[in-house]
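Data first, discussion second: the structure below is written as structure tokens.
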Amino acid sequence: MWVALVCAAALTLTGVRVFGWGAVGHHVVARIAWARMTPEARAQATTLLGGGQDAFVAASTWADEVRSARPETYNWHFVDIPVGASHYDAVRDCPPTDRGDCVLAEIARARGELIDTARSAALRSEALKYLIHFVGDLHQPLHAIDNKDRGGNDVKVLALRADDGRNTNLHAAWDTGLINLSDETEAARAARLLAKPLDIHPGDLDLDPVMWAEQSHTTALRVTYTYPSFATTGPGPDPIALTEAYRTRAMAAIDYQLNLAGARLAELLNAVLK
């Protein structure tokens with residue numbers, strides 16, 4: 001936890017956008033996906049990654065680990081759908097830049113690269129690792145919205161623990177801070193979520209990443225951006241306190257998004273790794 005908080009603080013100070021779910025969140029998504037994957041999909045993933053569940057879970061953070069060495073992948077971790085928009089617009093939200101376009105474009109590319117068996121095993125392995133990570137990222141609500149605040153990075157938040165004393169920001173709170181308030185292990189969290197039926201509507205597991213992004217965007221509006229001082233004009237200058245009621249709603253939403261991300265990742269890989 002200490003390392004995660006220090007990294008988050010350092011990234012905020014340098015103006016760099018904080019990553020998506022921290023290691024715990026990504027690992028939980030990967031564990032849920034692995035449990036839902038078919039034996040055939042698991043076998044192919046094992047071949048590509050050089051190992052089974054442990055390698056699959058470890059691969060879930062690879063895209064963050066290589067991000068600084070591959071600046072062209074920077075924007076692949078999110079899609080900035082404006083807070084006032086109701087739908088994704090590729091021209092507006094996913095323009096090509098020297099730092100990449102957006103997570104939706106990269107998921108489509110990585111899916112195509114993984115399907116292409118004419119590509120080398122090494123390149124297909126990278127495509128798989130990107131998919132595992134970016135499907136997770138897309139379900140962090142602040143990776144699908146922007147309110148002139150760099151996806152919540154510019155919203156200052158008072159320390160989440162009274163005995164901690166270090167302020168954070170809204171993005172880091174949703175990435176790691178709120179999750180790390182619990183002592184629950186990754187394996188226990190994944191098992192608990194797997195045992196809890198997903199309250200989803202017909203079509204929610206359709207392989208439509210644009211729909212996934214728009215649902216994350218809606219979750220950000222309904223839960224993430226409901227702190228008292230929120231305004232569509234952007235963040236205020238003063239740190240905000242995340243109340244107990246807010247934290248309860250946020251943790252329920254985070255659990256749901258992690259569970260949904262794992263289920264959708266499994267559906268995607270079951271379809272691709274045939």
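The values are calculated or read from the model by the stated rules, or taken from the named source; none is laboratory data. Bear in mind that the values here come from a model prediction, so they are computed numbers and not experimental data. Here Cβ is always computed from backbone atoms with ideal geometry, including for glycine, and neighbour counts include all displayed protein chains.
Between THR73, THR47, the distinction of being surrounded by fewer than 16 Cβ atoms within 10 Å (Cβ to Cβ) and in a helix (DSSP H, G or I) belongs to THR47 only. Within the option set ASP183, ASP116, being farther than 24 Å from ARG31 by Cα and of a type in the set (D, E, K, R) holds for one residue only, ASP116.
Does ALA266 qualify as being in a helix (DSSP H, G or I), without any contact (Cβ under 8 Å) to a residue 40 or more places away in the chain and more than 18 Å from HIS143 (Cβ to Cβ)? Spelling it out, it is not the case that ALA266 is in a helix (DSSP H, G or I), without any contact (Cβ under 8 Å) to a residue 40 or more places away in the chain and more than 18 Å from HIS143 (Cβ to Cβ). For region 92-106, a residue qualifies if it is in a helix (DSSP H, G or I) and crowded, with 24+ Cβ neighbours inside 10 Å, and the qualifying residues are VAL103, GLU106. For region 34-44, the tally of residues that are assigned to a loop (DSSP other than H, G, I, E, B) and farther than 13 Å from LEU128 by Cβ stands at 1.
For region 50-61, a residue qualifies if it is surrounded by 20 or more Cβ atoms within 10 Å (Cβ to Cβ) and assigned to a helix (DSSP H, G or I), and the qualifying residues are PHE56, VAL57, ALA59. Of LEU114, LEU104, all but one fail to be at pLDDT 95 or above and touching a Cys at 6+ places or on another chain (Cβ under 8 Å); the exception is LEU104. So, in region 1-30, how many residues would count as being of a type in the set (Phe, Trp, Tyr) and either closer than 20 Å to LEU260 by Cβ or modelled with pLDDT of 95 or more (or both)? Of the residues in region 1-30, 2 are of a type in the set (Phe, Trp, Tyr) and either closer than 20 Å to LEU260 by Cβ or modelled with pLDDT of 95 or more (or both).
Is it the case that region 84-91 has a residue that's closer than 30 Å to THR233 by Cα, part of a helix (DSSP H, G or I) and at pLDDT 95 or above? Yes, the conditions are met somewhere in region 84-91. Condition check for GLU214 on (1) at pLDDT 95 or above; (2) of a type in the set (Asp, Glu); (3) not in a helix (DSSP H, G or I): one failure, at (3). Can you spot a residue in region 126-137 that is of a type outside the set (Asp, Glu) and either surrounded by fewer than 20 Cβ atoms within 10 Å (Cβ to Cβ) or not in a helix (DSSP H, G or I) (or both)? Taking every residue of region 126-137 in turn, none turns out to be of a type outside the set (Asp, Glu) and either surrounded by fewer than 20 Cβ atoms within 10 Å (Cβ to Cβ) or not in a helix (DSSP H, G or I) (or both).
Just so you know, in region 238-263 the residues that are in contact (Cβ under 8 Å) with a residue 60 or more places away in the chain, part of a loop (DSSP other than H, G, I, E, B) and not acidic (Asp, Glu) include one that is farthest from LEU194 (Cα to Cα), and it is PRO239.
How many residues does region 31-42 contain that are over 19 Å from ALA261 (Cβ atoms) and in contact (Cβ under 8 Å) with a residue 24 or more places away in the chain? Of the residues in that region, 1 qualify. Based on what the data block shows, is THR97 among the β-branched types (Val, Ile, Thr) and within 20 Å of VAL135 (Cβ to Cβ)? Here the answer is no, as THR97 does not meet what is asked. The residues on offer are LEU160, LEU207, LEU242, and the sole one that is modelled with pLDDT under 95, over 20 Å from the mean Cα position of the chain (by Cα) and surrounded by fewer than 22 Cβ atoms within 10 Å (Cβ to Cβ) is LEU160.
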